[in-house]
Amino acid sequence: MKCQHSALALAIIAATTSQFAASQALEEVVVTARKTAETLSDSPISVRAFTEAEIKATGVATPQDFVDLTPNVTLVQTQSTGNSFLNIRGISSARNSELAAAVLIDGVLLTNPTQLNQQLFDIEQIEVLRGPQGALYGRNAIGGAITITTKAPSEETEGQIQLGYESAPGFSVKGYVGGALNSDASATYRLAASYIDHDGYLDNVYLNEKADPYQDQSVRGRINWQVSDRLSTDFRASISSLETQAFYFVLDDSADAVDKPIQNNNPGNNERDFTTASFKFDYDMDFATLTGITSYDDVSEVSSGDNVFFLPPEHPENYWNYDFFFGCLRGGGAVPGCEFLGNFPGTQDEFIDLSQNQYLEVESWSQEIRLTSNNETGLRWTVGAYAVATDRYISTGGQIDRGLGVFDVERDFRASIFTDGYTDGVVNDPSPQLGVLADSQDNFAWAVFGQASWDLSDDVEMALSARFDRDTRENTTLTEAEYNVPFNAAIVLGDKRKETWDAFQPKATIRWMPDDNWILYADASRGFRSGGFNQSGVGTAVPYPGIEDIFDEQIADTFEVGAKGDLADGQIRLSAALYQTTLEGAYFFYYDAGTNTQNLGSLSEVDYQGAEFELSALLNENWSISAGIGLTDSEITKVPRDGSGLSEAWLGNQAPLVSEVTANVGLQYRATLDNGMEAFARVDYQRLGETWWEPDNYSSRSPVNLIDIRAGIELPSDWSVTLWARNATDKAYNTEFSPNANRSLNFLWKAQPARYGIEFAKSF
């Protein structure tokens, strides 16, 4: 039936466009998915490309915006505004994991998953590649790759200023300026900046204030220098700072629960800072071009907020009696008068008020060098090497919330109720620590890679590529002995764990061009993502299958076939892909209240199979349409074994964080009016299918349907005015469902409601 409907829709579009002037055609899109320029229709990869025109028309300002328009790609928003997990074709990142895709900005690979969550402004093009891309894009390209290209400096002086207002309420200022730095324009620059400040959209009914205020400020600069006929350089640097709240969750048993309000008594805090810098050169050696990329990244983030709701206890006379409360914590439910605690801390009772905090700092250096042949026919090749060194520190803590706010856990540990003792009347910290888990990690990874393609005939191309990665990680436990409290995992200060993971990632692609308008392709590829470390001791302390101190690497083997083509003299563009992936070591997230740890678990094997269908068409001189649908069916085929027999029940279940259907339709109108003004309007529809959240398929979120709207005018004087609405129908749903250990009072994060705004822009 779905195929019949698709065929009917295509017939209608074809009939409509047949009456349209043959001189009109869709914009030709050039992509660099294979690190060489070629048209979108000629690229034998399942890729969704966003041109500058589409970025503007759809209002792409964050990764969430372009992901919403990409079949079989989703973002799970969590914890605080701007934090998310990426999922491509079912292969997902999870809390505390690295990304499921390689993310590159101006050809530079980001080394920290948090860096994906940033504002996008002054962007030239975005390409989302689906399927393993490790051979060319390296680390973590197991699910695909995302390449973001900012606008390059130009020789002519130019700029723009954009002012916006939104319904939070809030405002934004964005702009850029650029031009030549010297008289012959061999050196050019571009400076772009963005500032956003709004009060938030989600109500915290306990504090009578917004739970998600948001302030982001970002600056990016680029300098390009054509040193000689052979040598060109590109220097890029950026800084950004985010301030919002964190951990504004709701507790409920169902992933579809949307009626409960946010009622945290602690407003929380989330501060995140990015610093990046990169230097790239290209040197023309006649037969080939030598490219070098050096980059530096620094990410720091502090998050704090509620761990358990503040709700009045059954015995309010005892709640603010700290001697009693702390004594109960030490002695548990066996202490007379403490029966209300039960077996705390293995349970979370509504009358215990706790808070949590996290501190993260990641610094990395990377270097890539590659040599690419200059010929456009015959044998085309690329060879190269890559290395990255990363230093990471992370700590998490739990505190007694006395209503005095949450104090950051950094490298200086805070007082513990178990060592300082409240009963002595000596407490060093206004909010004493229940425990702290901290570690540092040194990571060094390197790789060598290569690709070759050649024409077997006039219409058949073969491409072979391969990459070998080796990733060595050393983890050091920094948690001091005083924090090794009974309900934490067994931890030893200074404990070192070191592991090395490596993999060979081959890929073979064959492309057939039966005529000038169509290509057919097939490829087989392998993807790799390195393993890592949970907190020391959780392998024996956490009673859940698949949770170990060390989680293994992931290996994804994918086979894909696809077709792309143009119809009606370029007025219709189609693409389709079918794929099958076997993934060893699929991740899932598990929070264990008994040890106060956030853990990555591994499923032994998951099979994914699915499809993508995408269409773009000009309906007439003024109207155009774009549509896409992604289908992903997942099945857990092998499970980790344990003595409980729990994991055997997972066999045949859906994998976590996978939306079975993702679909989008965009209808756009654009016309030139008699007075020279340009009028435009666009409506985008998105559907997220049913999504399961954990291996035992305890709960799923029902399908979500969303609508975004944009409309405005562009004046001949280079002014423009745009009205916009996100989630225009005010659909209430949850962005994440994080199950608790006992499947009761699970953590839910609410999606933002309807948002509206207006933007004014002036170019010069």
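No lab work stands behind these numbers, since they all come straight from the coordinates. None of these values were measured; they are calculated from a predicted model. Glycine also receives a Cβ, built like all others from the backbone with ideal geometry; neighbour counts cover every protein chain displayed.
Using +1 at the C-beta of Lys and Arg and -1 at the C-beta of Asp and Glu, which of 711, 697, 671 has the Cα lying farthest in the positive direction of the dipole of region 649-757?
697
Label-point separation (nm) for residue 690 and residue 480, each offset 7 Å from Cα along Cα-to-Cβ?
Reported label-point gap for residue 690 and residue 480 is 5.1 nm.
In region 133-229, which GluC sites (Glu not before Pro) are in a loop and have at most 15 other Cβ atoms within 10 Å, using DSSP for the loop call?
Working: sites: 155, 156, 158, 166, 209; in loops: 155, 156.
When the GluC sites (Glu not before Pro) of region 133-229 are filtered for loop state and at most 15 Cβ neighbours within 10 Å, 155, 156 remain.
Among 32, 479, 150, which comes first, then next, by fewest other beta-carbon atoms within 10 Å?
Values: 32 16, 479 25, 150 20.
Ranking 32, 479, 150 by Cβ neighbours within 10 Å, fewest first, gives 32, 150, 479.
Got a sec to turn the phi values of region 666-680 into Karplus ³J(HN,Hα) couplings, 6.51 cos²θ - 1.76 cosθ + 1.60 with θ = phi - 60°, whole Hz, x for Gly and Pro?
Those phi angles translate into x, 10, 10, 10, 8, 8, 9, 8, 4, 8, x, 6, 9, 10, 9 Hz.
Collect residues whose amide H, placed 1.01 Å from N in the peptide plane, falls under 5 Å from the amide H of residue 84; neighbours closer than 5 in sequence don't count.
78
Please list 3J(HN,Hα) in residue order for region 63-79, calculated via the Karplus relation 6.51 cos²θ - 1.76 cosθ + 1.60 where θ = phi - 60°; whole Hz, with x for glycine and proline.
x, 4, 5, 7, 4, 4, 9, 10, x, 6, 9, 9, 10, 9, 7, 8, 6
Taking the simple approach of a point 7 Å from Cα along Cα-to-Cβ for both residue 383 and residue 649, what is their distance in nm?
Between residue 383 and residue 649, the label points sit 5.6 nm apart.
Spin-label point model (7 Å from Cα, Cβ direction): what's the residue 522 to residue 182 distance in nm?
Distance between the two pseudo-spin positions: 5.4 nm.
Could you order the peptides 657-664, 572-579 from most to least packed, using the average number of other C-beta atoms within 10 Å per residue? Before the final figure, lay out each step's value.
On the way: 657-664: 22.2, 572-579: 20.5.
Packing order, densest peptide first, comes out as 657-664, 572-579.
What list of ³J(HN,Hα) values in whole Hz, one per residue of region 748-755 in order, does the Karplus curve 6.51 cos²θ - 1.76 cosθ + 1.60 (θ = phi - 60°) give from phi, with Gly and Pro shown as x?
Running phi through 6.51 cos²θ - 1.76 cosθ + 1.60 with θ = phi - 60° gives 10, 10, 6, 7, 5, x, 4, 10 Hz.
Any chance you could run the full-extension gain for residue 670 through residue 165? It's 0.36 nm times the residue separation minus the Cα-Cα distance, nm to one decimal. Mind showing how you got there, number by number?
Values: separation 505, 0.36 × 505 = 181.80 nm, distance 2.37 nm.
Using 0.36 nm per residue and subtracting the Cα-Cα distance, I get 179.4 nm.
Full-extension gain between residue 702 and residue 254, please, as 0.36 nm times their residue separation minus the C-alpha to C-alpha distance. Before the final figure, lay out the partial values.
Working: separation 448, 0.36 × 448 = 161.28 nm, distance 1.05 nm.
Value of the extension gain: 160.2 nm.
Which whole-number percent gives the relative contact order of region 89-161, counting Cα pairs below 8 Å spaced six or more residues apart? Intermediate values should be presented prior to the final figure.
On the way: 113 pairs, mean separation 27.0, N = 73.
It rounds to 37 percent for region 89-161.
Please compute the length gained on full extension between residue 540 and residue 28, using 0.36 nm multiplied by the number of residues separating them and subtracting their Cα-Cα distance. Please report the intermediate quantities before stating the final value.
Numbers: separation 512, 0.36 × 512 = 184.32 nm, distance 5.69 nm.
Extra length available between residue 540 and residue 28 comes to 178.6 nm.
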